[in-house]
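Nothing in this text is a laboratory measurement; each read-out follows from the coordinates by a stated rule. Computed from a predicted structure; not experimentally measured. Heads up, the Cβs are rebuilt from the backbone with ideal geometry, glycines too, and the neighbour counts pull from every protein chain shown.
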Amino acid sequence: MKTEEMIEKAMKSLKENGMDPILAKTKEEAVREVEKLLWKGAVISCGGSVTLAESGILDLMRNGDYLFLDREKMPREEVYAKTFSADVFLTSANAVTLSGELYNVDGNGNRVAAIVYGPKKVIVVVGVNKLTEDIPSAVERVRRIAAPKNAVRLHTGTPCEKTGHCCALGEKDMTAGCASESRICRHYLVTGKQKEGRVRVILVEEELGY
């Protein structure tokens, strides 16, 4: 399926699932769309995200007129606790399926926890490189791309950092993987149909993050 067809199908499905998607041509446009969804004095937080950094959205959060719970400037446990009462939580996703589902895998679990419950609004920013056919292909995407690259970035010393792929490639069990104490794949979240208005997805027609 062509990228344009995948975008059209994903946007339609996300809309049907109550996530009211926005399509941005560029990362700069994505920043402007995020800015429209925020307001002066809003308490905002985010999960660790290469996408937010690459797009310029992290800079917007740090330099805008907001109360940003910055995990690089505050104790992380404090940020994690305060995030549950934040106005807006910003994040990316490890994959978005053509059925309009978000798939995320976490180590600590703070990111998936905030997507599920707590913050009044959730804004998910994803590049088209994260579109997948379905959940099984989303699982494989994490095992082949997201997990190994994040392991390298975080210097985990896990097998996937060294080999460039998860040891559980092809396994049907979603949670299959290594036995390393430094494993970053511990919590698995599939986000389906939502109540209208809480979760917004900004799909960017560029490659962003892992």
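Quick check, is residue 33 more than 11 Å from the chain's Cα centre (by Cα), within 23 Å of residue 21 (Cβ to Cβ) and in contact (Cβ under 8 Å) with a residue 12 or more places away in the chain?
Taking the combined requirement at face value, the residue satisfies it.
The requirement of being hydrophobic (A, V, I, L, M, F, W, C), crowded, with 17+ Cβ neighbours inside 10 Å and farther than 14 Å from residue 201 by Cβ is not satisfied by residue 30.
The set of residues in the stretch 156-205 that are within 30 Å of residue 21 (Cα to Cα), in contact with a Leu (Cβ under 9 Å, 6 or more places away or on another chain) and among the acidic types (Asp, Glu) contains only 205. Within the stretch 125-178, being without any contact (Cβ under 8 Å) to a residue 24 or more places away in the chain, among the acidic types (Asp, Glu) and loosely packed, with under 15 Cβ neighbours inside 10 Å holds for 171, 173. Can you name the residue in the stretch 37-51 that is touching a strand residue (DSSP E or B) at 6+ places or on another chain (Cβ under 7 Å) and hydrophobic (A, V, I, L, M, F, W, C) and, of all such residues, is surrounded by the fewest Cβ atoms within 10 Å (Cβ to Cβ)? Only one residue fits best here, namely 37.
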